[in-house]
Amino acid sequence: MTPTHTTPDPEYHAARATLYCAAAAAFTYPTEDTVRELLDPEARAGIERAAEELTVSEEATALLEALESTDLEDLQTAYNQLFGLPSDDGTYAVIPYEAHYTTRDEISSEQRRIATVVGLMEEFGLEPSDDFAERQDHVAAELELAQVLAGQRAVALESGEPAAAERVGQAESTVLADHLVEFVPALAHDLRRATDEPVYEAAADLVEELVTYDNGKHPDPSVSADAANGGETP
């Protein structure tokens, strides 16, 4: 199968953007607006089509059905218990930051890791909203970055701009291989161990399957960079 990095179908990348958007929303604090937007009939149909395209239909359907059957206050309580409020000993049930999983609390490594993510966000025009009070290595922020990149790839291909699509594809490979795959499976594992709330169990399953599938369709960033330079290392 042709890797996503070279897939010229803009609709495929638009589907990827749709799923990353849904996954990012599932890891932000649940509000009435967020849940309503995910369950809007048109949005829901788009998520289901995209999930079928990327072979994660079971996980996406489970998330949507769980959202539909869960009271908003219960969902907000579960979110706070998992991500928002420390226990009596000052620890959190689940820590939704990349650096927690990839730097082993080494401050200098943590700062470099976060700076890399911030640099990618700035390069591709992603700015945190005023009401997003988390670090940029929060799982929701990195999933939103993946959404923006997939959307930009779709637009570049639709507009007949292969060089721009290639540039975005390089960034996507980096985000997937060097960031999301490095911590999302472990985060999903911790989340499943920490909760029996169906929404967050489903969110864990969806984000792990999505990131793993998508990374498998991207070549290693260094390999694709060499190819883009005619096989020569820059």
> Once the other residues with Cβ under 11 Å from the Cβ of GLU158 are scored (Lys, Arg +1; Asp, Glu -1), what is the net sum?
Replying inline: -2
> Per the 1.4 Å probe, what fraction of the accessible area of the chain, in percent, lies on carbon and sulfur atoms?
Replying inline: 47
> Accessible surface of ASP214 in the full protein assembly, 1.4 angstrom probe, to the nearest 10 Å²?
Replying inline: 0
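How much space per residue, in cubic angstrom, does the convex hull of the C-alpha atoms of region 1-83 take up?
Working: hull volume 8.3 nm³, N = 83.
Convex hull of Cα atoms, per residue: 100 Å³.
Find the accessible area per residue for the chain; the probe is 1.4 Å, ligands and nucleic acids are left out, and the unit is Å².
Working: 11840 Å² over 234 residues.
Ligands and nucleic acids excluded, the figure is 51 Å² per residue.
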> Where does helix 107-123 land angle-wise versus the long Cα axis of the chain, in degrees 0 to 90, nearest 10?
Replying inline: 60
> What number comes out for the charge environment of GLU123, summing +1 per Lys or Arg and -1 per Asp or Glu over other residues with Cβ under 13 Å away?
Replying inline: -2
>> Taking a ≥ b ≥ c as the square roots of the Cα gyration tensor eigenvalues, with a/c under 1.5 meaning rounded and otherwise prolate when a/b beats b/c, else oblate, which class fits region 124-197?
In response: prolate
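Please state the shape class of region 102-151: rounded when a/c is under 1.5, otherwise prolate if a/b exceeds b/c and oblate if not, all from the C-alpha gyration tensor.
It comes out prolate by the Cα gyration axes.
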> Protein chains only, probe 1.4 Å: how do SER159, SER173 rank by accessible area, largest first?
Replying inline: SER159, SER173
> In deg cm²/dmol and to the nearest 500, what is the mean residue ellipticity at 222 nm of the chain if only DSSP H runs of at least 4 residues count, each as -39500 (n - 2.57), divided by the residue total?
Replying inline: -21000 deg cm²/dmol
> What order do ARG153, ARG135 take when sorted by accessible area (1.4 Å probe), most exposed first?
Replying inline: ARG135, ARG153
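The values are calculated or read from the model by the stated rules, or taken from the named source; none is laboratory data. Just so it is clear, the model here is predicted, and its values are computed rather than measured. Quick reminder, even Gly has a Cβ in these numbers, built from the backbone with ideal geometry, and neighbours come from all protein chains shown. Just the protein is used for accessible areas: all its heavy atoms, side chains included, with ligands, DNA and RNA removed. Shrake-Rupley method; radii C 1.70, N 1.55, O 1.52, S 1.80 Å.
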